[in-house]
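The values are calculated or read from the model by the stated rules, or taken from the named source; none is laboratory data. On a predicted model such as this, the values are computed, not experimentally measured, just so you know. Here the Cβ positions follow ideal geometry from the backbone for every residue, glycine too, while neighbour counts run over all protein chains shown.
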Amino acid sequence: MPKAIELRKVIELLKAYDIEFTHKSGGKHSGKFVKGNKSFPVKTHGMKTMILSYALKGLIKKFELPSNLFD
């Protein structure tokens, strides 16, 4: 099970998979990870926001990423 990590680190890891983060959609305190026609929304309060394990598992499942990416 992946441990919670900061949003900025998640963004850096996902750049290698051509997954972009945009904070311009979804409301004041949220953003989305986007690749092609797939997207995954997350709650954010800045780049040091901790992305919890359930959201990391959701990213892995949604974008079919390696299961050990965030370990």
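Assorted remarks:
- Of the strands (runs of 3 or more DSSP E) lying entirely inside the chain, the ones with 3 or more residues being touching a residue at least 12 places away in the same chain (Cβ under 8 Å) and surrounded by 12 or more Cβ atoms within 10 Å (Cβ to Cβ) are found at 30-35, 38-43.
- When the criteria are applied in full, Lys43 meets the requirement of being in contact with a strand residue (DSSP E or B) (Cβ under 7 Å, 6 or more places away or on another chain) and modelled with pLDDT under 95.
- Residues that are among the polar types (S, T, N, Q) and touching an Asp or Glu at 6+ places or on another chain (Cβ under 8 Å) within segment 1-57 comprise just one, Thr49.
- Segment 1-58: number of residues that are over 23 Å from Asp71 (Cβ atoms) and among the basic types (Lys, Arg): 3
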